[in-house]
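Report on the following structure.
The values are calculated or read from the model by the stated rules, or taken from the named source; none is laboratory data. What you see is a predicted model; the values in this text were computed from it and never measured. Cβ placement follows ideal geometry from the backbone for every residue including glycine, while neighbour counts extend to all protein chains displayed.
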């Protein structure tokens, strides 16, 4: 959308995945659940 | 011409973890907050000075802040009362958050006080914090709907916001605490508030309970809101509202 947040979003998603590992539980957010290799890909 | 920008305040370490049943060790919390700051977030709400009896997960507030003294200027701490302010000051905190509900029903469940009583407390906290140069931000919970009183009118939110602004608070977040807001309502409320109190910096805090958080965020953006609160991985929800996130 071209809106500057100043936040490294890939890194933020990695932090969320790390928190899931620490807590031993899936978190309800959706974006971090998409692995980097999947982001932007289109299923065949 | 520069790109439009927003500020994202990360509240997960406080708002997210407060409802997490299993205690997270202090070093893990410190690591989480450090990682969030390293992502470029300018402010992180690190913990709360609530009594541990009410929120055991945050009983280590002072220890968390002690470990983060070198980054204390980028941390915000929720302060529920005068005692909490004293604890925050002792911990070297420079930015606190206070909260009040738009309805007496929710405020009684969340803070065990009426809205008027909490606004009086906030006025005292704001005055004392101001003397020490501590910035005070506020949120108005259940601004879009209340689990105890149902629909909340913009006029009611405005009444509360006017008292906060008159007390010198310059940053107010409107919270959809139970995730019932819709984009049209978001647009209507923020437009009304910006018109009534143009000097306030308005923020938005949405929950995705019904999957409408992104749509609501876009509606807020369109009204010119540039301050948003979020929780890492979508963790959290009110301890006083049934099943929110």
Condition first: in contact (Cβ under 8 Å) with a residue 24 or more places away in the chain, within 14 Å of chain A (Cβ to nearest Cβ) and under 26 Å from residue B:109 (Cα atoms). Can you find one or more residues in segment B:215-228 that meet it? yes
Among (1) closer than 27 Å to residue B:34 by Cα; (2) within 14 Å of chain A (Cβ to nearest Cβ); (3) modelled with pLDDT of 95 or more; (4) out of contact with any helix residue (DSSP H, G or I) (no Cβ under 8 Å at 6 or more places or on another chain), residue B:244 falls short only on (3)
Check whether at least one residue in segment B:101-108 is surrounded by fewer than 18 Cβ atoms within 10 Å (Cβ to Cβ) and over 29 Å from residue B:208 (Cα atoms), and report yes or no. no
Odd one out for residue B:171, checked against (1) within 17 Å of the chain's Cα centre (by Cα); (2) crowded, with 23+ Cβ neighbours inside 10 Å; (3) in contact (Cβ under 8 Å) with a residue 40 or more places away in the chain: (2)
All positions within segment B:30-40 that are surrounded by fewer than 24 Cβ atoms within 10 Å (Cβ to Cβ) and either more than 7 Å from every other protein chain (Cβ to nearest Cβ) or under 16 Å from residue A:5 (Cα atoms) (or both): B:30, B:31, B:34, B:37, B:38, B:39, B:40
Is at least one residue of segment B:6-21 part of a strand (DSSP E or B), buried (at least 17 other Cβ atoms within 10 Å of the Cβ) and either in contact with a helix residue (DSSP H, G or I) (Cβ under 6 Å, 6 or more places away or on another chain) or more than 10 Å from every other protein chain (Cβ to nearest Cβ) (or both)? yes
Is it the case that segment B:86-95 has a residue that's part of a helix (DSSP H, G or I), touching a helix residue (DSSP H, G or I) at 6+ places or on another chain (Cβ under 6 Å) and surrounded by 15 or more Cβ atoms within 10 Å (Cβ to Cβ)? no
Tell me, yes or no, whether segment B:42-51 has at least one residue that is within 10 Å of chain A (Cβ to nearest Cβ) and under 24 Å from residue A:2 (Cα atoms). yes
